[in-house]
Amino acid sequence: MATPLNNRQNVGGRLKNSGDYNLSTKFSVEIAGRVVGSIISVDGLEHSHETVEYKDPEDMTTRYRPGNNKTTRIKITREWSNDTTFIDWYQTVVQGNTDRRTITVSLLSDSGQATMGLNFYNAYPETYAFPSFKSMGSAHAIESLTCVYENFDYKK
């Protein structure tokens, strides 16, 4: 019987943590170098580029090449608290001051050390969502900030 390649013993030597895969539940978010707490989720981490079709006049084959880069929107959701980082940043844009910042999302090991992550450059808030209030529920009040970014890189 074949041994699975990704069992706990085989994976442990390749990763910086004690053997589990990098869990998507252990992460941190920094905005302009400041760690933002109570983050529940970070969505929209995608990047793509257009595909351009071209054909030489004497070539009967249609060819393709990468075109312009396209970024998506990053949505950061967190528990609403007395930390006003999201609303303060959003208010600067509402007042006409485009305050571009770097957003860093890092995966954390079991011990809390950053193992890898993504940096999103020249980001600014596009949408701020206030918490919904429901008297018959027991959920936490959450706020979200949707940001646009220009470029990214992968950090090891």
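Any read-out appearing in this document is the output of simple, stated calculations on the displayed coordinates, not a laboratory observation. Because the structure is a prediction, the values reported are computed rather than measured. Methodologically, a virtual Cβ is constructed for each residue, glycine included, from the backbone with ideal geometry; neighbour enumeration extends over all protein chains shown.
Would you check if Thr146 is touching a strand residue (DSSP E or B) at 6+ places or on another chain (Cβ under 7 Å), β-branched (Val, Ile, Thr) and surrounded by fewer than 16 Cβ atoms within 10 Å (Cβ to Cβ)? The answer is no for Thr146.
Can you find, within segment 41-62, the residue that is surrounded by the fewest Cβ atoms within 10 Å (Cβ to Cβ) among those that are assigned to a strand (DSSP E or B) and touching a residue at least 40 places away in the same chain (Cβ under 8 Å)?
My answer is His47.
Quick one: is Arg65 within 24 Å of Ser28 (Cα to Cα), touching a strand residue (DSSP E or B) at 6+ places or on another chain (Cβ under 8 Å), among the charged types (D, E, K, R) and part of a strand (DSSP E or B)? Criteria not met by Arg65.
So which strands (runs of 3 or more DSSP E) stay within segment 85-156 end to end and still have 3 or more residues that are farther than 24 Å from Thr72 by Cβ and touching a residue at least 24 places away in the same chain (Cβ under 8 Å)?
So the answer is none; nothing clears 3.
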